1. Reachable lysines from Lys104, Cα under 21 Å, same-chain residues fewer than 8 places away excluded?
2. Under 10 Å, Cα contacts only: if you run a Gaussian network model on the chain, which one of Asp185, Asp157, Asp75 comes out with the highest mean-square fluctuation?
3. Scan around Val67 for amide H atoms under 5 Å from its own, H built in the peptide plane at 1.01 Å from N, and keep only partners 5 or more places away or cross-chain.
4. At 0.36 nm per residue, and after removing the present C-alpha to C-alpha distance, how many nm does the segment from Arg50 to Trp137 gain when stretched out fully?
5. From the helices alone, meaning DSSP H stretches of at least four residues, give me the mean residue ellipticity at 222 nm for the chain, per-run term -39500 (n - 2.57), in deg cm²/dmol to the nearest 500.
6. Give me the 1.4 Å probe accessible area per residue for the chain, excluding ligands and nucleic acids, in Å².
7. If you plug each phi of the stretch 87-99 into the Karplus form 6.51 cos²θ - 1.76 cosθ + 1.60 with θ = phi - 60°, what whole-Hz ³J(HN,Hα) values come out, in order, with x for Gly and Pro?
8. Quick one: work out Rg over Rh on the C-alpha atoms of the stretch 1-103, Rh as Kirkwood radius.
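The values are calculated or read from the model by the stated rules, or taken from the named source; none is laboratory data. The shown structure was predicted, so the numbers you read here are calculated from the model rather than taken from an experiment. Heavy atoms of the whole protein, side chains included, go into the accessibility calculation; ligands, DNA and RNA do not. Shrake-Rupley method; radii C 1.70, N 1.55, O 1.52, S 1.80 Å.
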Amino acid sequence: MRVYDKPIIVKRLSDNGTWQPWRMLHAFVNKTKDSTSSLTFEVRYTSALREIFSYLEEFIIVYRGDVYLIEDYDDFMEQHLTIRLKATILRLGKFFADVTILRKIKTQDDEGFNDQTEKTVETVRCYHESRQGTTLWKNLAAFAEATDLFQIKKPADYELSRAYLLESGGERFEILNIERIKGHDLYLQIIAKCITGAVS
């Protein structure tokens, strides 16, 4: 007999790009057969949960402090008795490295020739991973030029963009893409390309 006694929070992506609590539910939680990082959350059916089926990417599950990305919605034979939500845990990497954020500044000399310099903005702790054959990188196949991935805490005083460079381990990186990490609104994931050696 199923016991629906595990509290979960379903969050929905708001218009301002943050994840807000949407429903607090009690679930029967079970590990999936094909993955050690995925769980199945079975909850009693309500018509409101149909929203998850229609807009899967807009919802996440928070369970025991961890964030889970919903991958599948199953209303068995459309009987409207229970809903099974298969979800995979989303973890932040350990922030063991340092990365320096540089601002690209365009200048013009006395003869009217354009030049570019870099100004150090700040050095922060980060998670840094070089390209490898993991599931994460397979999901980033659109960024064929990418060589490295960084995770950092979102800067409080400025909006990070492609107008910046990164420097870590004596190498510089061009930013290809920046996005908030789902469920972790205060953190950014940066896809970058190594472009040069040590900063002089």
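1. The reachable lysines, counting only those whose Cα sits under 21 Å from Lys104, are Lys119, Lys153, Lys154, Lys193.
2. Greatest mean-square fluctuation among the candidates belongs to Asp157.
3. Correct list: Leu90.
4. 28.2 nm
5. Numbers: 2 runs with 9 residues, N = 200.
About -1000 deg cm²/dmol.
6. Numbers: 12430 Å² over 200 residues.
Heavy-atom SASA per residue in the chain reads 62 Å².
7. So the J values, rounded to whole Hz, are 9, 10, 5, 10, 10, 7, x, 6, 7, 9, 10, 10, 9.
8. Looking at the stretch 1-103, the ratio lands at 1.06.
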